[in-house]
Each structure stands twice: as C-alpha cells, then as structure tokens.
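Derivation of every value follows stated rules applied to the coordinates shown; laboratory data play no part. On a predicted model such as this, the values are computed, not experimentally measured, just so you know. Quick reminder, even Gly has a Cβ in these numbers, built from the backbone with ideal geometry, and neighbours come from all protein chains shown.
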Amino acid sequence: MQPTERLLAGPPLDGRAEPLSRHHARLGSLPPLSPDQMVGALEATGLLGRGGAGFPVGRKWRAILEQQGGAAPVVVANGAEGEPESAKDRVLMTHRPHLVIDGAVLAARTLGADRVELYLGREHTQAVAAMRAAVEERPAHDRRLLHIVEAPIGYVAGESTAVVHYVNSKDARPTTTPPRMSERGVRNRPTLVQNVESLAQAALIARHGPDWFRERGRGANRGTALVTIAGPVRHEGVAEIELGTPLAELVEIAGGLTGTPQAVLVGGYFGTWAPIEAAWSLPLEPASLQAAGLTFGCGLVRLLDARSCGVDYSARIMDFLAAGSALQCGPCKFGLADLAGASGRVAAFDARPTDLYDIDRWTGLVTGRGACRHPDGAAQQMGTAMAVFADDFASHVHRRRCLASGAMIGARR
Ligand SMILES: Cc1cc2nc3c(=O)[nH]c(=O)nc-3n(C[C@H](O)[C@H](O)[C@H](O)COP(=O)(O)O)c2cc1C
Ligand code: SF4
C-alpha cells in the first residue's frame, strides 16, 4: 500500500531540499486570492492545526483579519517540534521548505503582516539548514519579510505563548494570556502562531481549493496529515496519510509489523494510550479518535511491543515532561515532579503504599491549573497509561514483577 502524497509529493525524500525552481515548476506560484477568499477557503476545508491542539486554522486567520486597522500583524511559523518522537515537521522542512515558506508568505499576504518569524527547533540542524538555504533562494520581497529564529531546545519552547515570549525577549517560558495573541503577541502586534505543516497545507489549499482538499479523507475531518509511526514496524518514520486511515493500514504503509504490539500511544507525549485491539481499526482522524477517548495531537503513533513495559514507558515520559516544564506554576513545580517520582518508583518495583492512589489523584489535580496545557497533557498521558496498563501497574506494586518484560524487583531502570 502506498501513502497518499500531497505535502510530500515531488522528489524523493533523500535528505535534500526541493529547490525553488523545481517547486515552482511542480506547483506554480501562489494565486492572487483576496483575504476573504483565502480565509473562506480555509474555513471551507475545516483544516485543523497540526501542531497538537487541533484548533481550526480558518478561525484563527479570521480572528486576525478582524483586528484590521491597528498595527500590522506578525506571522510565526512554528517549527520547534519539541516532541521527542515526532519527526514530521523536520521531515517537511528538510525536503519541502518552499511549501512551508509559501504558507507563511501566504498568511502574511492574507493578513497584511509585514514580518514572518520562522521559529525552528535548533536541534533539527538539517531542517534549519534547508530553511535557511530556501530563504536565500526567495525573491527580495519575500526575503525582507522572512526572519529565522532558532528555537531553544525544550518541550515547552514550542508552546505558542513561549514562542512569542522567546521571539520578543529570548525567554522561552510560556506566559499567561490574556490578551489573546490575535490581539497582542510579537512586538505587541496581532500574531498568528501556526504550525509549519498547517501553513504548508494552506499553501496547497490556495492553489487547489477546498473541494480538492476535501476529496481525500474518510471521516469528519478531511484532507491528509503527516504522521510519525514508531515501534515494531519495518519502516519507522514519517508518512502522509488520508485522515481517517485506520491504524492497521498505517502499519501496512510502514511495511508491516516486526513484533507484537500490546498498546499504542496516539498524539505524542501529551497523547493517549489505547490497547492495540481497541485501536487497530480506529480511523486516525481527530473526531473519530475523540469519540473513542483518544487524541490526534501532533500525529505521533507509537506502538509498544508486548515485551516492553508500559509502566516504565509512561513513567519515563512523565519524567521527561516534569523535567521539561518551565517550573513557573504550581501543577508543574509540584504535581509533575510528584507524578514522575511516584510513577518512577512503581516502574522500579519500589512503590510506596499510596503511590497508585496518589498518581490517580494527582492526574486529576494538575489538570486545568497551569498557565499552559503542559500539565494537562502530561496528566492525560499518565491517566490513560494507568487505565491501559492497569494490570501491570498493580503487578509492579503488589507482586514486584513486570507482566510484559518479566523483570522483577532488583531490576534497574
Ligand atoms: C507544551 C507545549 C508544547 C508545544 N510544542 C509545539 C511545537 O513544538 N510545535 C507546534 O507547532 N506546536 C506546539 N504546541 C502547540 C502550540 O501551542 C500551538 O497550538 C501551535 O503552534 C499552533 O499551530 P497550529 O494551530 O497550526 O497547530 C505546543 C503546545 C504545548 C502546550
Ligand atoms: S503550566 Fe507548567 S509549562 Fe506551562 S507555564 Fe506553567 S510551569 Fe510552565
């Protein structure tokens, strides 16, 4: 089975960027749409942001358009991709930098912005180099608009208020809103922060229209999406799929299984775990996943092999998220550290009597209490892990034995 290719159509993905000449020969230039036509087209597609939160892209552009009359807006292309197991944004920027830049230029043109910040995760060196070279290839009027900002390493550095904070003052900690970013963000101007894949999708929609966009896809949300598949499959990596493609088909696209998965984490480290039997035929599409209590998030699909310990995996994620918080708000300062401590003890067969009860309680307590959604995402991952690996959590505590790996007390993490 072949993956669907729109964003990734064109030359092979061999680590080299598609040059501007080839990009233009393949796709032509951006059509001259009025702001209303462009935003209307985005609204008609129902395109949801691909950075994780899944907010409607058209609605975001419309909110900025309605701010007209004040200072010129700023567009920020979010290519931080701080999600450790996700690679879709860096693959896109490395191979199709001009599609991302087209999307950012299009947003600027549509919204009347005179500045575009390309906010790129500095650890993604290949992607940064491709984007830098692509900016140099653009005509002078685009180059005047485009500014590259290398984002610091860190999970929260990609959160939208942290992005704006960093662009403004080189501090990548999230800030509390209001005012809303559509009113005041970079340099106190109305600001659009949009994931790089969302912008690339917009660049295709401008060229081909909303009907073309909706021709692909099998659920309520149409079009294609980039996903990263990891775990026991022949070809781990990034694929472009029709939204609504069942997990089983994605596994086929990835060359089939090389092991026996027991569970899947969908949506990234803020995502949700599901047992493999429940998820196998589920359509990978935000509305269908939501109906099943799961999230599409940033499109990460991580299969966990039957012999790998889900308790340990989720505890390690919690540890990573606790360490990666900005430590500004109560739930991150205390809650996430406590959750990481308790889940780490359970994973290491060293649980205190109240650890399971406390993990369950704290996941509820930290939710909705931070300046950003970091604690909510962390709690979601932990809460769904507790449900999916319930027997193993209990076995780790009461029998000091792992049901998946067979490890016992004395095993070191
Ligand atoms: C802790 C945290 C980290 C995030 N990291 C990223 C990121 O690396 N890249 C990204 O595009 N969005 C990230 N987001 C989502 C952004 O806040 C924002 O919703 C997104 O960039 C908006 O673009 P979109 O609507 O096109 O998805 C993160 C959110 C949170 C709460
Ligand atoms: S909730 Fe956590 S990550 Fe978000 S701003 Fe507060 S301390 Fe930072």
When the charge dipole of the chain is computed with +1 on Lys and Arg Cβ and -1 on Asp and Glu Cβ about the Cα centre, the Cα farthest towards its positive end, among 254, 74, 8, belongs to 74
Residue 243 neighbourhood, Cβ < 13 Å, K/R = +1, D/E = -1, net charge 0
For residue 262, the residues 5 or more places away or on another chain with a placed amide H closer than 5 Å to its own amide H are 304, 305, 306
For segment 84-100, in residue order, the Karplus 3J(HN,Hα) values (coefficients 6.51, -1.76, 1.60; θ = phi - 60°; whole Hz; Gly and Pro = x) are x, 9, 8, 10, 5, 5, 6, 5, 4, 5, 5, 9, 10, x, 6, 5, 5
In degrees, nearest 10, the alpha-carbon axis of helix 125-137 is tilted away from the dominant principal axis of the alpha carbons of the chain by 10
Assertion target for 141, 396, 165, 124, ordered by fewest C-beta neighbours within 10 angstrom first, is 141, 165, 124, 396
The answer for the net charge of residues other than residue 105 whose Cβ lies under 9 angstrom from its Cβ, with Lys and Arg +1 and Asp and Glu -1, is 0
If each K or R counts +1 and each D or E counts -1, the residues other than residue 157 whose Cβ falls under 15 Å of its Cβ total -3
HN-Hα couplings for segment 340-356 via Karplus (6.51, -1.76, 1.60; θ = phi - 60°), in whole Hz with x for Gly/Pro, come out as 5, x, 5, 5, x, 5, 4, 4, 8, 6, 10, 5, 7, x, 9, 4, 5
Neighbour-count ranking for 312, 360, 391 (other C-beta within 10 angstrom, fewest to most) reads 391, 360, 312
The helix 160-169 Cα axis meets the longest alpha-carbon principal axis of the chain at an angle in degrees, between 0 and 90 and rounded to 10, of 60
The ³J(HN,Hα) series, computed from each phi in segment 272-282 with the Karplus coefficients 6.51, -1.76 and 1.60 at θ = phi - 60°, rounded to the nearest Hz and given as x for glycine or proline, is 10, 8, 9, x, 4, 4, 6, 9, 3, 9, 6
The aspartates and glutamates whose Cα lies under 17 Å from the Cα of residue 333, excluding any fewer than 8 residues away in the same chain, are 319, 358, 376
Restricting to lysines and to Cα separations under 29 Å from residue 88, and discarding same-chain partners fewer than 8 apart, the set is 60, 170
Ranked output for segments 275-284, 12-21, 293-302 by mean other Cβ atoms within 10 Å, highest leading, reads 293-302, 275-284, 12-21
With Cα coordinates, the longest principal axis of the chain makes an angle with the long axis of helix 374-388, in degrees rounded to 10, of 50
Distance in Å, no decimals, from the C-alpha centre of segment 301-380 to the one of segment 160-191 is 28
Counting sequence-distant residues (5 or more places) and residues on other chains, those with an amide H built under 5 Å from that of residue 294 are none
Computed, not fitted: 222 nm per-residue ellipticity of the chain from DSSP H runs ≥ 4 (each -39500 (n - 2.57)), nearest 500, equal to -12500 deg cm²/dmol
Expressed as a whole-number percentage, the relative contact order of the chain with C-alpha contacts under 8 angstrom and at least six residues apart is 15
